[in-house]
Amino acid sequence: MKLWLPDRYLSQSVITRQTPRQFRKYRIAGARVRCLYGPFGAVYYQLFGNADFSIQVNHIVVRQPQLWLYIRAERPVITLHCMLVGDVWGHLNGLAPMLFCEGRYRLIYVPADDLHRARFRRGSYESVHIDLSGKALRLLGEKYTGIGQLLRHSAGFPGRGMLLQDAAIGRGVRMHLEDIRHGPGEEPERSLYLEARIADLLLQYVKDVFHEEPLPLQSIRHMEDIKRYLLSRPELSHTLSSLARKFRVSESTLKRQFRRYTGQSVHGFLFEERMKYAMQLVVRTDIPFGEIADKSGYRDFSSFDRAFHHKFGHPPGHFRK
């Protein structure tokens with residue numbers, strides 16, 4: 001995945017393929033380097049891999065109250081995202097804003113060419129992204145039973161956004177990441193070694209995530225009914241308790257199973273679907289914005305306007321010709 005700065009920071013930045021002194025201790029032999037630094041701080045990342053997978057190691061230092069970075073994948077990839085240092089708010093298309101917590105890792109599907117954003121507060125950050133093509137993941141699934149289980153489980157999830165929940169980065173994960181950084185530098189040994197270490201990480205992820213049994217078929221059908229209901233009535237004031245009463249399930253069960261089925265909380269799912277619905281009405285109709293707010297489940301326009309601006313970066317009027 002590519003990282004870049006908003007234009008207002010680029011004009012003040014120095015871009016280099018050399019490793020600044022402050023990052024030399026992180027240098028990985030054979031990796032391609034890119035560094036952007038300026039008054040905002042510094043973004044330093046290293047990239048290595050082959051046609052089937054790429055590994056990106058990021059070190060970011062922010063010297064101002066907050067910094068936004070844009071993220072884009074040139075092709076659809078499945079990313080194992082490991083947040084080693086710092087907490088980051090991610091704004092991924094297809095999902096509500098969510099916190100990527102220090103010491104946690106998770107699997108994400110990233111569509112090609114979608115523009116995502118990440119918000120960093122003042123401080124230091126370190127993360128590792130391992131991007132896999134669908135073909136590479138399928139081949140690993142054929143080799144390793146545990147990864148095949150992961151593929152079968154994720155097949156029922158949406159085609160955008162988070163596939164599975166996060167898990168704690170334990171000692172085993174950290175050891176595999178260190179092995180990846182310090183593996184052989186020459187091909188073909190390097191690619192074979194990295195593929196084996198990536199498989200180790202995915203198998204560890206399966207162990208960490210599947211401490212619960214997959215949802216039974218009856219629960220999947222129940223969650224699908226709830227999802228269809230939410231999509232058909234975005235204008236209603238849905239709450240966890242009202243949904244639990246309507247579908248005769250406890251709030252705790254609904255909360256847990258809905259997240260496992262969709263990869264999102266009920267609130268996060270509603271937010272995303274309401275915003276997509278609102279954008280369609282803004283672009284394709286002449287309905288007044290106040291009425292669009294009401295149809296999208298917002299009882300006052302100011303709340304809707306703030307939510308819309310937060311999601312799309314501009315107020316509704318910006319998108320209506």
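Throughout, read-outs are computed from the coordinates displayed, never taken from laboratory work. The structure presented is a predicted model; accordingly, all values stated were derived computationally and were not measured. FYI the Cβ positions are ideal-geometry reconstructions off the backbone, even for glycines, and counts take in every protein chain you see.
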Query raised in the report: Okay, helix-only estimate at 222 nm for the chain: each DSSP H run of n ≥ 4 adds -39500 (n - 2.57), divide by all residues, round to 500 deg cm²/dmol; what do you get?
Result: -12500 deg cm²/dmol
Report task. Among the listed pairs K246/K295; K135/K311; K25/K143; K255/K295; K295/K321, give every one whose C-alpha distance is greater than 29 Å. Result -> K135/K311; K25/K143
Report task. Kindly write out, for the stretch 180-188 in residue order, the coupling ³J(HN,Hα) from the Karplus curve 6.51 cos²θ - 1.76 cosθ + 1.60 (θ = phi - 60°), rounded to whole Hz, with x marking Gly and Pro. Result -> 5, 5, 10, x, x, x, 10, 8, x
Report task. Relative to the longest principal axis of the C-alpha atoms of the chain, give the angle of the C-alpha long axis of helix 301-312, reported between 0 and 90° and rounded to the nearest 10°. Result -> 30 degrees
Query raised in the report: Which order do peptides 119-132, 229-242 fall in by mean Cβ count within 10 Å, highest first?
Result: 119-132, 229-242
Query raised in the report: Hey, what angle do you get for helix 217-232 against the long axis of the chain, alpha-carbon based, 0 to 90 degrees rounded to 10?
Result: 60 degrees
Requested in this report: Using the Karplus curve 6.51 cos²θ - 1.76 cosθ + 1.60 with θ = phi - 60°, work out ³J(HN,Hα) for each residue of the stretch 273-281 in order, rounded to whole Hz, and write x for Gly and Pro.
Outcome: 5, 5, 5, 5, 5, 4, 4, 4, 5
Query raised in the report: GNM, the chain, Cα, under 10 Å: largest mean-square fluctuation among Q22, Q280, Q66?
Result: Q22
Query raised in the report: With the dipole of the stretch 2-209 worked out from charges on the C-beta (+1 for Lys and Arg, -1 for Asp and Glu) around the Cα centre, which of A136, M83, F48 lies farthest toward the positive end?
Result: M83
Report task. Working from Cα positions, state the angle (0 to 90°, nearest 10) between the long axis of helix 145-154 and the longest principal axis of the chain. Result -> 30 degrees
Query raised in the report: Hey, of (1) 24.3; (2) 18.1; (3) 15.9, which did the structure itself give for mean projected area of the Cα convex hull in nm² when calculated?
Result: (2)
Report summary line: Amide H proximity to F100 below 5 Å, modelled H, separation 5+ or other chain, gives V88, W89, G90
